[in-house]
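The values are calculated or read from the model by the stated rules, or taken from the named source; none is laboratory data. All values derive from a computational prediction rather than experimental measurement. Here the Cβ positions follow ideal geometry from the backbone for every residue, glycine too, while neighbour counts run over all protein chains shown.
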Amino acid sequence: MRRVGYRRIILILVVLFVSVASLANKSFEISFLGVNLERGSDSILGLRLGLDLQGGIHLVYQARGTKEVTATFQAPPDVELVRTALTSVGLTETTVSEPGEDGRTVVIGVSTLQPAQEGALREALEEQVGPLEPGGLSFADVVANPTADQMQGVLDTIGRRVNPLGVAEPVIQLMGSDRILVQLPGISDVEEVKTLIGQTARLEFRERLCLTSAIDCDAPDGHEPDRPTGLTGDDLRRAFPGTHSTTGVAIVNLQFNSRGTRIFRELTTRLYDRFQQGFPDRFVILLDEDELLAPVVANGPILTGNPFISGPDFTPSRVRTLAIQLESGRLPIPIEAVQEQSVDATLGAESLRMSLIAGIVGLGLVLLFMVLYYRMAGVVAALALLVYTTAVLAIFKLVPVTLTLGGVAAFVLSIGMAVDANILIFERMKEELRVGRTLVAAIEIGFSRAWPAIRDSNVSTFITCAILFWFGQRLGNSLVSGFALTLFIGVAASMFSALTVSRTLLHVFASLGLEQQRKLFTPERLRSEEQASGSGVAEERS
């Protein structure tokens, strides 16, 4: 029994116990040493299913170019009246610059503008703002060229918006420099989702007045309803992370335009006056109605248009995230759906059912072949494959892996590759048994000679999986990336199954009195001991 290796037996039993325990309940939550692990779902074995197995929506969005409208008036215009005129013709997602050097020209950024709206816009501007110069209204297309931080801001905005939908594990990721993939399992209303996602971010500054000086101002009953200040993302020129020049702490820098500077100066003056009276009032920054920050003005009114915000919990990573969120509300990046696909839940359930049937049939046929051809060695392979299947499914659940139709195909394929490793080992064993070696010697030599082939084939598969996964992520094809990830895990687990589980079980069988029954471990007729010794073949002893 010394060759069996009790440590390997204990390792296999631990892996099997953890795998069965994790699959026994559809969902579980474990807290240990401050780490909270929550896994599972309502699907089979608690596995996380992808869009094609559960049904839902697949959308690809692309940053859309905008329209730039240049309006030159006969007299200096009121920017607020320009905004009102835009709203009156249904243009709500706009930006309006301050008048240029001549004092009469403003540049309007419009996310979308139909040809029929151009005439209505001209009439609204002349009626509500003032007469335009002859030829004083021009339109130009602006090609979308978003920065990485702007696209990250859009990504964060979409993530916040889809979370209230109750989507289980949505997939939201960048594709290249100007596209975003959105996959929402379990959602069927495409138009509702498109309307929700397609809106640009709304950044707003509000004023929060505390009721008393002693109560917590952030408590629901500690302040009056937040008041609008008129300060929005249109008034913010830039938001970026930085460090304080004196203390070196992480800060978020803001830069307002002239209108924003004026409103912010008046706002901070009021808040500082109240702070001196003992009321810790604050201004609240909201993005899509979600509170980002609520700073207190404690060091005096901010008179310039370049304030900064600091906080005790600010880290370089946090201030960068806050800057990206503020940027997403400052400069909306309009997006449009360029690809959409709806997967019916019934179709997803049918795909899952057929996948399960394929997996069970495939595993059953492989096990049957191995037992009939390799006899006791085939029994060992069958037991190792059962351990392998249980362990891989548990890994899918614990990582967790979103199992797509391509992932199921890769899992079935990896079963065959796990068997292939066992076949390489058994064929090497068969050669050693054929020349008369003992069962234990044949096991050791068979594994050592099969290892280079197993190693090389699996490494080449790992490289292929990495390439497929990269292309799948890059192109937003979940079938390709799911196939690659699942195959990678399956092949890695197959190495453990073949080199640890199969090897240990073979030694266990050899130690149970089957050492002299070598014919049970090979399909070929073996030479007798006398024939083996007469041929001059030395039997390896250990």
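A few remarks follow.
- Apart from one condition, PHE264 fits all of (1) crowded, with 18+ Cβ neighbours inside 10 Å; (2) in a loop (DSSP other than H, G, I, E, B); the exception is (2).
- Identity of the residue in the range 462-478, surrounded by 17 or more Cβ atoms within 10 Å (Cβ to Cβ) and touching a residue at least 24 places away in the same chain (Cβ under 8 Å), that ends up farthest from the chain's Cα centre (by Cα): CYS465
- Selection status of LEU137, assigned to a strand (DSSP E or B) and among the aliphatic types (A, V, I, L, M): yes
- Flag set for LEU405, criterion: within 24 Å of the chain's Cα centre (by Cα) and under 23 Å from LEU181 (Cα atoms).
- Within the range 210-261, the residues that satisfy the criterion of being polar (S, T, N, Q) and assigned to a strand (DSSP E or B) are THR229, THR232, THR243, ASN253, GLN255.
Let's see how each residue does on (1) of a type in the set (Phe, Trp, Tyr); (2) more than 26 Å from GLY153 (Cα to Cα); (3) in contact with a helix residue (DSSP H, G or I) (Cβ under 6 Å, 6 or more places away or on another chain); (4) not in a loop (DSSP other than H, G, I, E, B):
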residue	(1), (2), (3), (4)
ARG320	no, no, no, yes
GLU327	no, no, yes, yes
ILE333	no, no, yes, no
GLN339	no, no, no, yes
SER351	no, yes, yes, yes
MET354	no, yes, no, yes
LEU365	no, yes, no, yes
VAL380	no, yes, yes, yes
ALA391	no, yes, yes, yes
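- GLU118 outside any loop (DSSP other than H, G, I, E, B), touching a Phe, Trp or Tyr at 6+ places or on another chain (Cβ under 8 Å), free of Cβ contacts under 8 Å to residues at least 40 places away in the same chain and not assigned by TED's automatic domain parsing to the domain that holds GLY233: yes
- Evaluation of CYS465 against (1) of a type outside the set (Lys, Arg); (2) modelled with pLDDT under 85; (3) in contact with a Leu (Cβ under 8 Å, 6 or more places away or on another chain); (4) in a helix (DSSP H, G or I) (one fails), failing number: (2)
- Top-ranked residue of the range 39-83 - restricted to ones that are under 26 Å from ILE158 (Cβ atoms) and of a type in the set (Gly, Ala, Ser), ranked as surrounded by the fewest Cβ atoms within 10 Å (Cβ to Cβ): GLY65
- Selected residue (only one of LEU363, LEU331, LEU352, LEU367 is more than 24 Å from LEU203 (Cβ to Cβ), more than 23 Å from the chain's Cα centre (by Cα) and modelled with pLDDT under 80): LEU363
- Within the range 125-144, the set of residues being among the small types (Gly, Ala, Ser) and in contact (Cβ under 8 Å) with a residue 24 or more places away in the chain comprises GLY130, GLY136, SER138, ALA140, ALA144.
- Here the condition is being surrounded by fewer than 18 Cβ atoms within 10 Å (Cβ to Cβ) and in contact with a helix residue (DSSP H, G or I) (Cβ under 7 Å, 6 or more places away or on another chain); of GLY230, GLY248, GLY222, it holds for GLY230 alone.
- Count of residues meeting criterion [of a type in the set (Ser, Thr, Tyr), surrounded by fewer than 17 Cβ atoms within 10 Å (Cβ to Cβ) and modelled with pLDDT under 80] in the range 155-206: 2
- Checking the stated criteria, GLY407 turns out to be touching a residue at least 40 places away in the same chain (Cβ under 8 Å) and part of a helix (DSSP H, G or I).
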